[in-house]
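Quick notes on the structure that follows.
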Amino acid sequence: MASLRSWRALGTGTIVVYLSLVVLIPLASVAWESASGGWEGFWSAVTNPQALAALRLTLGLSGAVALLNAVTGTLIAWVLVRDDFPGKGLMDAVIDLPFSLPTIVAGLTLLTLYGPKSPLGINVAYTRVGVLLSLLFVTLPFVVRSVQPVLQELDRSMEEAAASLGAGHVTIFRRIVLPNILPAVLSGAGLGFSRSLGEFGAVVLISGNVPFRTQMISVNIYGLIESDNVRSAAALSLLLLVLSALVMLAMDWVRRWRWGHER
């Protein structure tokens, strides 16, 4: 028993040290740097007109990405689980491509496809549409991979019973399928939203970094660091951290609420 306690203590200590070195200490240093100028310095950094414009654009596009992913990601997951077609395995593998592809490569690829020299004749470079496309690319897998296992484990006998009682496809999806997959949809959309808030590599090229028009908050932070304004960059980084934490807490609340109703 004593040996077991020792191993548990060792495991807990190792986890705490690892998380402190990798996560907690770096985040604490950002918070410390952002507070080095006092409240006035922090407030001045986060209310700077250029930073506010970049933040509004980032929040707006991230929200749009979350909504689009919630719909298209659920549809893709449904097709992968419920349908059989040639190339299904390849399509399933392609979904994970944004996870493995360096984001700066993704940005360069999108700029090549949808830039001034586009082979498709589509030029959305240095526009908000281009930024939206880049964010959709890097966040594509989140909803798909969240919803897919839930659909695979869903008991289809309830759907068959509803169909035998005369329920249509829309009614079955709305009354039976959607309530079961909704927490997964919200979780994936929330992860995509958080990812979009801090995305840099995929947007830095295609956005053009035009202040008050296409500049994202992550690129704004990078510009502040380049101009040696580390304090303001840390303040904005802390703000993004708080926003992401709030999204994660909201997702956790939704999961707990759902589990509570299921019980």
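The values are calculated or read from the model by the stated rules, or taken from the named source; none is laboratory data. Keep in mind that what you see is a predicted model, and the values were worked out from it rather than measured. We place every Cβ from the backbone using ideal geometry, glycine too, and count neighbours over all the protein chains shown. Areas reflect the complete protein model, heavy atoms only, side chains present, ligands, DNA and RNA absent. Shrake-Rupley method; radii C 1.70, N 1.55, O 1.52, S 1.80 Å.
Taking the range 208-237 as the range and being crowded, with 17+ Cβ neighbours inside 10 Å, part of a loop (DSSP other than H, G, I, E, B) and at pLDDT 90 or above as the test, the residues that pass are T214, Q215, M216. Do the conditions hold for L27, that is, is it touching a residue at least 60 places away in the same chain (Cβ under 8 Å), of a type outside the set (D, E, K, R) and under 22 Å from F200 (Cα atoms)? Against the criterion (touching a residue at least 60 places away in the same chain (Cβ under 8 Å), of a type outside the set (D, E, K, R) and under 22 Å from F200 (Cα atoms)), L27 qualifies. S157: open to solvent by less than 40 Å² (accessible area, probe 1.4 Å) and either at pLDDT below 90 or within 20 Å of the chain's Cα centre (by Cα) (or both), yes or no? In short, no. Could you list all residues from the range 115-157 that are among the β-branched types (V, I, T), farther than 30 Å from I176 by Cβ and in a helix (DSSP H, G or I)? Once the filter is applied, which keeps residues that are among the β-branched types (V, I, T), farther than 30 Å from I176 by Cβ and in a helix (DSSP H, G or I), the range 115-157 yields V129, V131, V138. Of the helices (runs of 4 or more DSSP H) entirely within the range 1-82, those holding at least 2 residues that are exposed (fewer than 12 other Cβ atoms within 10 Å of the Cβ) and among the charged types (D, E, K, R) occupy 2-19. Between A189, A167, A202, A184, the distinction of being small (G, A, S), in the same structural domain as A234 (by TED's automatic domain parsing), within 14 Å of the chain's Cα centre (by Cα) and not in a helix (DSSP H, G or I) belongs to A202 only.
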